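Working notes for the structure below.
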Amino acid sequence: MELKLKRPIAFFDLETTGIKVATDRIVEISIVKIHPDGKKEIKTRRVNPGIHIPAETSAIHGIFDEDVKDEPTFKQLANGLHQFLINCDLAGYNSNRFDIPLIVEEFLRADIDFDIEGRQLVDVQNIFHKMEQRTLVAAYKYYCGKSLENAHSAEADTLATYEVLLAQLDRYKGVDFKDKAGNISQPVVNDVKALAKFSQVNRNVDLIGFIIYNDKDQEIINFGKHKGKLVSEVFKKESSYYDWMMKGDFPLSTKKVITKLKLKSSNLGNMKLF
């Protein structure tokens with residue numbers, strides 16, 4: 001089965017210095033760009049992160065400081081990557097929670113506002129976990145009937161993710177899914193917008209999910225002592241909380257969102273009703 005596409009979709013995978021979106025860096029990136037006509041473009045590049053790669057992380061992906069010391073930094077690659085991803089929907093494995101927030105963070109550090117508004121974000125892991133609940137290696141074996149060679153190589157993982165999604169479309173065609181409310185649907189269909197919607201866990205306001213929408217489409221805090229509270233109410237009653245978040249170890253993309261929400265809240269407070 002081939003993906004039905006209205007515009008290109010870029011499957012990508014990152015190897016990094018760690019798992020903290022706000023502070024860790026990319027050491028390798030691989031992108032598989034699929035065009036509506038079926039054309040496939042693959043770009044794989046190692047990146048000098050500018051910081052030390054911890055030994056425990058190198059033990060997982062096999063990339064050490066010495067391997068990337070002469071590679072370009074992300075900032076040097078950013079303009080080319082930005083152009084390559086223009087007008088692309090995005091897909092990956094655990095990409096909504098990690099890869100997309102981290103690459104957006106890297107773009108912001110490079111002074112490029114990588115806008116995801118209007119893009120469809122398909123997280124193959126979320127589809128898999130909802131339907132089967134396993135790992136990428138197991139997913140590849142389960143859906144494709146093959147062993148994943150070179151696991152934790154960015155290119156191997158990216159190509160495997162693409163193959164898994166195609167296999168999911170075949171396996172779950174016409175298969176019922178019951179959500180927590182008991183509603184039954186057949187959500188795994190050959191449509192990127194529908195796949196993006198089904199692969200969401202929460203309706204995030206920021207990329208990583210510190211701020212999410214509630215069932216009334218209101219922005220609420222999704223962590224810590226104010227979890228479940230309206231952002232507008234928290235900022236109104238405890239103005240120092242916004243300052244704490246801005247000074248804290250939060251991703252730049254999250255700080256951008258809360259600043260917009262604070263301005264929105266301030267403007268509403270200053271409105272005069274006639």
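Laboratory data are not the source of any read-out in this text; all were calculated from the coordinates shown. Note that the structure is a prediction, hence the values are computed from the model and not measured. Note that each Cβ is placed from the backbone with ideal geometry, even for glycine, and that neighbours are counted across all protein chains shown.
Take the Cα of Ile112, go 7 Å toward its beta carbon, and the backbone nitrogen atoms of segment 71-102 under 17 Å from that spot belong to 72-91, 99-102. At an R0 of 45 angstrom, the distance between the Cβ atoms of Glu132 and Phe64 translates into a FRET efficiency of 0.85. Each 5 Å bin from zero up to the one holding the largest Cα-Cα distance in segment 161-274 carries the following percent of pairs: 2, 10, 16, 18, 12, 10, 11, 10, 7, 3, 1, 0. At what distance in angstrom do the alpha carbon centres of segment 161-221 and segment 22-69 lie from each other? Computed from Cα coordinates, the inter-centre distance equals 27 Å. Ellipticity at 222 nm from helices only: DSSP H runs of n ≥ 4 in the chain, each -39500 (n - 2.57), divided by the residue count, give -11500 deg cm²/dmol. Residue pairs exceeding 22 angstrom between C-alpha atoms, taken from Lys197/Lys262; Lys4/Lys197; Lys237/Lys264; Lys75/Lys264; Lys4/Lys173; Lys227/Lys260: Lys197/Lys262; Lys75/Lys264.
Charged neighbours of Arg7, selected by a Cβ distance under 13 Å, balance to +3 (K, R count +1; D, E count -1). Considering only Asn79, Asn94, Asn126, the Gaussian network model of the chain with Cα springs below 10 Å gives its largest mean-square fluctuation to Asn79. Taking Gly224, Gly38, Gly145 as the candidate residues, the one with maximal mean-square fluctuation in a Gaussian network model of the chain, Cα springs under 10 Å, is Gly224.
Pairwise Cα separations in the chain fall into 5 Å bins from 0 onward with the following percentages, short to long: 1, 5, 11, 15, 17, 16, 14, 11, 6, 3, 1, 0, 0, 0. Largest mean-square fluctuation among Ser58, Ser95, Ser30, in a Gaussian network model of the chain whose springs join Cα atoms under 10 Å apart, belongs to Ser58. At full extension, Lys225 and Lys173 could sit 14.5 nm farther apart than now, given 0.36 nm per residue minus the alpha carbon distance. A Förster radius of 35 Å combined with the Cβ-Cβ distance from Lys146 to Ile86 puts the calculated FRET efficiency at roughly 0.60. Of the trypsin sites (Lys or Arg not before Pro) in segment 53-152, the ones in a loop by DSSP (not H, G, I, E or B) with at most 16 other beta carbons within 10 Å are Lys69, Arg134, Lys146. When only the Cβ of Lys, Arg, Asp and Glu is charged (+1, +1, -1, -1), the dipole of the chain relative to its Cα centre reaches about 1200 debye.
A rounded overall shape is assigned to segment 211-270, the ratio a/c of its alpha-carbon gyration tensor axes (a ≥ b ≥ c) being less than 1.5.
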